[in-house]
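Beneath this line is the structure, given in structure tokens, with notes to follow.
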Amino acid sequence: MRTWKFGDNIDTDAIIPGRYLVIYDPRTLASHAFEGTRNEFARDVCEGDIIVAGRNFGCGSSREHAPLALSGAGVRIIVARSFARIFYRNAINVGLLPLVCNDADKISDGSELVVNTKDGYIESGGKRYDVEPVPAFLQEIVDADGLVEYARNLSEVKTCTGSQS
Amino acid sequence: MAATLVEKIFSRRCGHPVRAGDVIMAPVDTAMIHDITGPLAVQKFREMGGTRVFDPEKVVLLFDHQIPADSLPAAENHVFLRKFAAEQNIHNLDIKEGICHQVVMERGRAGPGEIVVGADSHTCMYGAAGAFSTGIGSTDMGFVLKFGALYFRVPMTIRVEVNGAFSPRVGPKDLILAIAGEIRADGANYQALEFAGSTMEGMDMAGRMTCCNMAVEMGAKAGIVPPDGITWEYLRARRAVNPFSLTSDPDARFTSLHQFDAGHLSPKVALPHNVDLVVDVAKVAGTKIDQVFIGSCTNGRFEDLREAAEVLGNRSFHDSVRVLVIPASRIEYLKALRAGLIEQFVAAGALVEAPCCGPCMGGAFGLLAPGEVSLSTSNRNFRGRQGSAESMVYLCSPATAAASAVRGEITDPREV
């Protein structure tokens, strides 16, 4: 397990270029992850590796191919100073765990990282850094391993209008 | 208690007051899917146990990213969605109408006070019609197709006030680039951007769409212009309307207020590779360009093509530049055709393509080779967005695109 360190504003075109959006299989998508911008990622990434990034990770398009490509590469956790809104939600929906950590910049590329989601911290180089809890309404989806599993057993939802749909 | 426009939309729709920060399961009035994100949304809908969509009348389905099918996988995705539309009694607009966002607007499928979601990030454009509209991923869309509702956290709002009149050859695209340069790429993350002030009140729907379209480039969940006479008139031509007032209260709480004077704006460009790297065109004037793209959901409307054509006049495009003109929809194409603009572009040396996302999609056609430079009226210039990761994309207005295409280098449109 190692960390892959990225900077600020990593966009979804960098994570998976537009020409591969006809593909939906996570493993095939993974073979093109960061193609053109960080080619060694797809070649060297291993199951359980963690992405660490700066601000606004996953900005841009709503393409779910982006979190799928990372999940297909074996990534389960992404730590960043902040996430773009749509990516954050997509990641949780497909079973990736995006963790917001104000100190993400202090973690170096290739380092080992211990993640303790129960107590809300990560540990690197002997130092502990707090991570923010996932918002309560999304934690249920995290616990279900994604929105599909969460929704599979629901026959209806109660909306804010008070009606069932 | 004072409320923002966005809080009022959610409150109206829920039937009781809600506030920024509240998490609610809200009903969806329109859901849009296209050829790229649609197949995955359908797959997720089925994996969730979905058999019938919540309401086929509320689903807009069309193909715009890879049309006509540019590869076998694209053709197969189209067939997959055609079958789904037939099975679910969803009216399939197929490849015929144009770019999803333009089509939703021109068919009146988004209106004041409505909640609209689309499996595409630029869904935020329908705020030009006074709707709360936002881009979502395919799995969230699968959920919407099954239940007709989705979890929303009611967002805070950043208010942008624009006053004054644009000077000649300066317009909405220059304004929204200037705003992106100030608010930056993540400055509106999780929030709504409300565009108000006398400039917005006087702006036509095409310009409002350009502004709302790019709200997501600042991370915003939605862009919105308070609906007024212009909004209702636009809608009245497309559906039955019953106008009502919908504005933020004067004492509503905003996260921040940004003020712009339209009269002081110069033509702007966003430099590679970020939308918020915005400078005056003059600063990079003379930069050689290989391709110019006039089109997209941001700037492919008749008003944009007319602006480009006015700058072009009876000249030809520069010999060293490939010019792609792609109207945003069939209807916009016809308007341009009847006004003689298409003939003018073709005579000047442009390739005019059928309505679609074109090079902005970065996979269909019009791709850039390593080292090539493109000037584009679209909304994103991320590294590799239009082809090679070693290519460069600058974003600009239709006027700047046309002036630069005439000269073969980035040019201030006031100089040609």
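The values are calculated or read from the model by the stated rules, or taken from the named source; none is laboratory data. Since we're looking at a predicted model, the values are computed, not measured. All Cβ positions, even for glycine, are placed from backbone atoms using ideal geometry, and neighbour counts span all protein chains on display.
In table form, for the structure just shown:
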{"item": "Neighbours by Cβ (under 9 Å, 6+ apart or cross-chain): first from segment B:179-196, closer than 14 Å to B:Arg208 by Cα; second assigned to a loop (DSSP other than H, G, I, E, B) and among the polar types (S, T, N, Q)", "result": "B:Glu194/B:Thr4; B:Glu194/B:Ser248; B:Ala196/B:Thr247; B:Ala196/B:Ser248"}
{"item": "Among the candidates B:Val325, B:Val311, residue that is away from chain A (no Cβ under 14 Å), outside any loop (DSSP other than H, G, I, E, B) and touching a strand residue (DSSP E or B) at 6+ places or on another chain (Cβ under 7 Å)", "result": "B:Val325"}
{"item": "Matching helices (runs of 4 or more DSSP H) fully within segment A:63-143 where at least 3 residues are closer than 19 Å to A:Asn9 by Cα", "result": "A:65-72, A:85-93"}
{"item": "Every residue from segment A:1-30 that is of a type in the set (Val, Ile, Thr) and modelled with pLDDT under 95", "result": "A:Val22, A:Ile23"}
{"item": "Odd one out for B:Arg13 among (1) among the basic types (Lys, Arg); (2) more than 23 Å from A:His65 (Cα to Cα); (3) more than 10 Å from every other protein chain (Cβ to nearest Cβ)", "result": "(3)"}
{"item": "Qualifying residue in segment A:53-68 (condition: basic (Lys, Arg), free of Cβ contacts under 8 Å to residues at least 24 places away in the same chain and at negative phi)", "result": "no"}
{"item": "Check on A:Gly48, within 17 Å of A:Val114 (Cα to Cα) and not polar (S, T, N, Q)", "result": "yes"}
{"item": "Within segment A:46-71, considering residues that are more than 13 Å from every other protein chain (Cβ to nearest Cβ) and among the aliphatic types (A, V, I, L, M), the one nearest to B:Thr37 (Cα to Cα)", "result": "A:Leu70"}
{"item": "Scope segment B:361-409; condition within 11 Å of chain A (Cβ to nearest Cβ) and not in a loop (DSSP other than H, G, I, E, B); matching residues", "result": "B:Met361, B:Gly387, B:Val393"}
{"item": "Residue match in segment B:116-136 (condition: among the β-branched types (Val, Ile, Thr), more than 14 Å from chain A (Cβ to nearest Cβ), touching a residue at least 24 places away in the same chain (Cβ under 8 Å) and not in a strand (DSSP E or B))", "result": "no"}
{"item": "Flag if B:Leu351 is touching a residue at least 24 places away in the same chain (Cβ under 8 Å) and more than 19 Å from the chain's Cα centre (by Cα)", "result": "yes"}
{"item": "Residue that is in contact with a strand residue (DSSP E or B) (Cβ under 6 Å, 6 or more places away or on another chain), among the acidic types (Asp, Glu) and farther than 24 Å from A:Arg89 by Cβ, where the choices are B:Glu161, B:Glu194", "result": "B:Glu161"}
{"item": "Tabulated pairs, segment A:117-143, first touching a residue at least 60 places away in the same chain (Cβ under 8 Å), second part of a loop (DSSP other than H, G, I, E, B), C-beta under 6 angstrom, 6+ apart or interchain", "result": "A:Ser124/A:Ile107; A:Ser124/A:Ser111; A:Ser124/A:Leu113"}
{"item": "Restricting segment B:16-52 to residues that are among the aliphatic types (A, V, I, L, M), surrounded by 24 or more Cβ atoms within 10 Å (Cβ to Cβ) and part of a loop (DSSP other than H, G, I, E, B), the residue that is nearest to the chain's Cα centre (by Cα)", "result": "B:Ile36"}
{"item": "Residue in segment A:142-158 that is more than 9 Å from every other protein chain (Cβ to nearest Cβ), surrounded by 16 or more Cβ atoms within 10 Å (Cβ to Cβ) and either under 20 Å from A:Phe6 (Cα atoms) or within 14 Å of the chain's Cα centre (by Cα) (or both) present", "result": "yes"}
{"item": "Residue in segment B:54-77 that is over 30 Å from B:Val241 (Cα atoms), without any contact (Cβ under 8 Å) to a residue 12 or more places away in the chain and more than 10 Å from every other protein chain (Cβ to nearest Cβ) present", "result": "no"}
{"item": "Subset of segment B:1-15 that is without any contact (Cβ under 8 Å) to a residue 60 or more places away in the chain and surrounded by fewer than 17 Cβ atoms within 10 Å (Cβ to Cβ) - its residue that is nearest to B:Ile136 (Cα to Cα)", "result": "B:Gly15"}
{"item": "Answer residue from segment B:214-250, given it is in the same structural domain as B:Phe152 (by TED's automatic domain parsing) and charged (D, E, K, R) and is surrounded by the fewest Cβ atoms within 10 Å (Cβ to Cβ) among those", "result": "B:Arg239"}
{"item": "From the options B:Gly263, B:Gly295, B:Gly313, residue that is out of contact with any Phe, Trp or Tyr (no Cβ under 6 Å at 6 or more places or on another chain) and free of Cβ contacts under 8 Å to residues at least 12 places away in the same chain", "result": "B:Gly313"}
{"item": "Only one of B:Ser329, B:Ser374, B:Ser397, B:Ser320 that is surrounded by fewer than 21 Cβ atoms within 10 Å (Cβ to Cβ), in contact (Cβ under 8 Å) with a residue 40 or more places away in the chain and among the small types (Gly, Ala, Ser)", "result": "B:Ser320"}
{"item": "Single residue of B:Ala178, B:Ala192 found to be closer than 24 Å to A:Ala136 by Cα and either touching a Cys at 6+ places or on another chain (Cβ under 9 Å) or small (Gly, Ala, Ser) (or both)", "result": "B:Ala192"}
{"item": "Residue list for segment B:377-394, restricted to those being buried (at least 21 other Cβ atoms within 10 Å of the Cβ), of a type in the set (S, T, N, Q) and either more than 16 Å from B:Phe345 (Cβ to Cβ) or assigned by TED's automatic domain parsing to the domain that holds B:Ala180 (or both)", "result": "B:Ser378, B:Asn379, B:Asn381, B:Gln386, B:Ser391"}
{"item": "Verdict on B:Ser296 being under 21 Å from B:Gly366 (Cα atoms) and either small (Gly, Ala, Ser) or out of contact with any strand residue (DSSP E or B) (no Cβ under 7 Å at 6 or more places or on another chain) (or both)", "result": "yes"}
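For (1) buried (at least 22 other Cβ atoms within 10 Å of the Cβ); (2) closer than 28 Å to B:Pro68 by Cβ, each residue gets a yes or a no:
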| site | (1), (2) |
| --- | --- |
| A:Met1 | no, no |
| A:Asp13 | yes, yes |
| A:Ser31 | no, yes |
| A:Glu35 | no, yes |
| A:Arg43 | no, no |
| A:Cys46 | no, no |
| A:Ser62 | yes, yes |
